[in-house]
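Reading through the structure tokens given below for one structure.
The values are calculated or read from the model by the stated rules, or taken from the named source; none is laboratory data. Everything numeric here is computed off the predicted structure, so don't read it as measured data. All Cβ positions, even for glycine, are placed from backbone atoms using ideal geometry, and neighbour counts span all protein chains on display.
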Amino acid sequence: MENVAGEKRIHVIELRICSGMPMIALMQAVASSPNSIEMSSPNSIEMLRITALAHDATEERFIHGSGRRLVGFARGIGLPFSFNVVRIWEPPSAAHKDKLGLEPREATVVLSQYALSRMVAKPNRLEAMMKLIRSIRPRVMVVIELEANHNAPDFGHRFVETLFTAGAYFDCLATCMEEKEEARAVMESWYLNDRIRNILVAEGEKRVVRDVKIGVWRKYFARFGMLEISVRGLGLQHANLMVRSSPFAGSYLVALDRKSLMIGWKDMPLLSVSAWKFMKAIPH
């Protein structure tokens, strides 16, 4: 929001839509902004557009379900809104830019939520996606990734890293949720179980869980002329406010690593939130 302040038309391109919660938070922020849109006409143009990228039919069906929930939420708060799904083939190319329906008078932003790490096993695909994003020239790109090194080539390093990160997640769930809660059982037996198995057992392209830490992303993004910008300000204030309102506030980690936000459990960083802008030219 700080990077699109005063804009009446905002276009969010989401590389991988999950629960849709970040978009709901954004929609609330846009709706509460006094200068975000001219409301003088009941037929005023849409000021917030979300375009979600889908890579296959299954993902496309899931995204349409999330889109319907977002449309219903926008209608409930009276926010002019549209949602679109764009199916892209592999690898992404400059041809996809035309499918995004970019408009010159709108402020475009990109949200990557656990999307780039899923492409680490296919570096050509990841590079093609980054070139596509650079061609869009978004006002800002926000990247959310797990803060872990699950991409080591040898089993020993992956085992030790997984032992610490998974241990922190299990400890957090045990502290914050009752043992018989269904959501906890799903997280432990399905999500964490599948991730641990994939990290430790799978090899080659079958090993899709290849999280890397923010330091690795910094070096990679530099190749595309990206500058890290600070997440201080309202974003950091909101994160600290949420932590302070929790009965387990003393166990949460909210800290800055250079300009990026680290969120974790008992001094163990588990999640990074970073923001980036593109330089006009790629440095050599």
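Can you tell me which residue within the range 208-219, out of those that are surrounded by fewer than 17 Cβ atoms within 10 Å (Cβ to Cβ) and of a type in the set (Val, Ile, Thr), is modelled with the highest pLDDT? Of everything passing the filter in the range 208-219, VAL216 is modelled with the highest pLDDT.
Looking across the range 161-198, just one residue is over 21 Å from the mean Cα position of the chain (by Cα), of a type in the set (Ser, Thr, Tyr) and surrounded by 15 or more Cβ atoms within 10 Å (Cβ to Cβ), and that is THR162.
On the basis of being buried (at least 16 other Cβ atoms within 10 Å of the Cβ) and either in contact (Cβ under 8 Å) with a residue 24 or more places away in the chain or among the small types (Gly, Ala, Ser) (or both), does LEU253 make the cut? Taking the combined requirement at face value, the residue does not satisfy it.
Screening the candidates MET226, MET279 for the property of being over 23 Å from ALA168 (Cβ atoms) and surrounded by fewer than 16 Cβ atoms within 10 Å (Cβ to Cβ) yields one hit, MET279. Answer with yes or no whether GLU205 is out of contact with any Leu (no Cβ under 7 Å at 6 or more places or on another chain), modelled with pLDDT of 90 or more and either acidic (Asp, Glu) or farther than 22 Å from LEU132 by Cα (or both). No: the conditions fail for GLU205. Within the range 239-248, the set of residues being touching a residue at least 12 places away in the same chain (Cβ under 8 Å) and assigned to a helix (DSSP H, G or I) comprises ALA239, ASN240. Kindly provide the set of residues from the range 134-151 that are buried (at least 22 other Cβ atoms within 10 Å of the Cβ) and among the small types (Gly, Ala, Ser), ordered by number. Residue satisfying the conditions is ALA148 alone. The single condition from (1) modelled with pLDDT of 95 or more; (2) exposed (fewer than 12 other Cβ atoms within 10 Å of the Cβ) that ARG244 fails is (1).
Considering only the range 246-258, state which residues are of a type outside the set (Ser, Thr, Tyr) and either within 17 Å of the chain's Cα centre (by Cα) or closer than 18 Å to ALA166 by Cβ (or both). Correct list: LEU253 only. Report, by residue number, each residue of the range 133-160 that is over 20 Å from LYS122 (Cα atoms) and over 19 Å from the mean Cα position of the chain (by Cα). SER135, GLY156, HIS157, PHE159, VAL160 - these are the residues of the range 133-160 that are over 20 Å from LYS122 (Cα atoms) and over 19 Å from the mean Cα position of the chain (by Cα). Considering the conditions (1) surrounded by fewer than 17 Cβ atoms within 10 Å (Cβ to Cβ); (2) in a loop (DSSP other than H, G, I, E, B), ARG125 is excluded by exactly one of them, (2).
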